[in-house]
Each structure stands twice: as structure tokens, then as C-alpha cells.
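Okay, structure first, notes after.
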Amino acid sequence: MNDSVILLVEDNPDDEALTLHAFQEQNLANQVTVVRDGVQALDYLFGRGVHAGRDLARPPAVVLLDLKLPRVDGLEVLRQIRANERTRFQPVVVLTSSTEERDLVESYRLGCNSYVRKPVDFDEFVGAARQLGLYWLLLNRCP
């Protein structure tokens, strides 16, 4: 679709593979950068650690953020994204298997742009990925 990066924050290799396959099925040509825990996500977004020197003027088009992550959970990642002036308006879609109402409420309280429960069925998942891609990569405009 364009040269913008999608940041996928996902610790489950099966969910990662499913997400990448769903994007391929929908011909989303964006580069997908995968990080596997909250610390890696924050390092990528803030240009620290192995991502030091990354061009921070080119933020991801969207962050697809799982909530149940090792080291730093997704809610804390979202909290830190919104607390930083440079990343405050970064589009963040919580993409999770959590069915907990408190996760939904807290994600919106912390400022997520959207909350999507991962469908179990592959065809539904591909459809959800297509809709995410179409909206966040083509239609949405960031400040």
C-alpha cells in the first residue's frame, strides 16, 4: 500500500505468523517490523537499545499492540506512548485475544485508537487484517 512501517508487537509466534500471513493474503505491501515484548516495542518507538539511531522522524503508520506481553505489558507500553510528546498521537490498535472487559476499558482510558479482539477463525482474521490495513494505512490521517 505504501512504504510506511507497521509495528507488530506480538510475543506469540503463531499469532505473529497468522498476522503476517493475513497481511500477505491482502497484499499489504508495507514493511512489518515485529518486536516480541514491551521493552523492544518502547526501544523501537523511542530509538533506544538495538534501535538506537533509527530515524525517529519516520514513525510507524500504526502500532498493532498485544496486551499480554513479557517484560512490559501492552497497557504500560500504551501509557508510555501517550505520555511522550513525540509519540502522543501515534496510532495504536490494541490487537489482543483478551476478553477481559477491564482490558478494553483501560486500553481506551489510556488512549488506544482502536481495540480489536483477535478472531480465532483464520478467514475472520484475514478479514480483520484487511480492514485494519485499509483503514489505518489508507484512510487514516495523522497529525
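The values are calculated or read from the model by the stated rules, or taken from the named source; none is laboratory data. Note that the coordinates shown come from a computational prediction; the quantities given were computed from them, not determined experimentally. Reconstructed Cβ throughout: ideal geometry from the backbone, glycine too, with neighbour counts over all protein chains shown.
Scanning the range 90-143 for residues that are among the small types (G, A, S) and modelled with pLDDT of 90 or more yields S107, G111, S114.
D43: more than 17 Å from P91 (Cβ to Cβ), at pLDDT below 95 and either in a loop (DSSP other than H, G, I, E, B) or under 16 Å from the mean Cα position of the chain (by Cα) (or both), yes or no? When the stated conditions are applied, D43 does not pass them. Could we say that V92 is over 14 Å from the mean Cα position of the chain (by Cα) and aliphatic (A, V, I, L, M) here? No; evaluated as a whole, the condition is false for this residue.
Does at least one position in the range 60-67 carry a residue that is farther than 17 Å from D15 by Cβ, part of a strand (DSSP E or B) and not acidic (D, E)? No: the range 60-67 contains no residue that is farther than 17 Å from D15 by Cβ, part of a strand (DSSP E or B) and not acidic (D, E). In the set R48, R36, R82, only one residue is surrounded by fewer than 17 Cβ atoms within 10 Å (Cβ to Cβ), under 27 Å from T99 (Cα atoms), among the charged types (D, E, K, R) and at pLDDT 95 or above; that residue is R82.
So, in the range 85-109, of the ones that are among the polar types (S, T, N, Q) and not in a helix (DSSP H, G or I), which residue ends up surrounded by the fewest Cβ atoms within 10 Å (Cβ to Cβ)? The selected residue is T99.
Going through (1) surrounded by fewer than 21 Cβ atoms within 10 Å (Cβ to Cβ); (2) over 20 Å from R82 (Cα atoms) one by one, T19 falls short only on (1).
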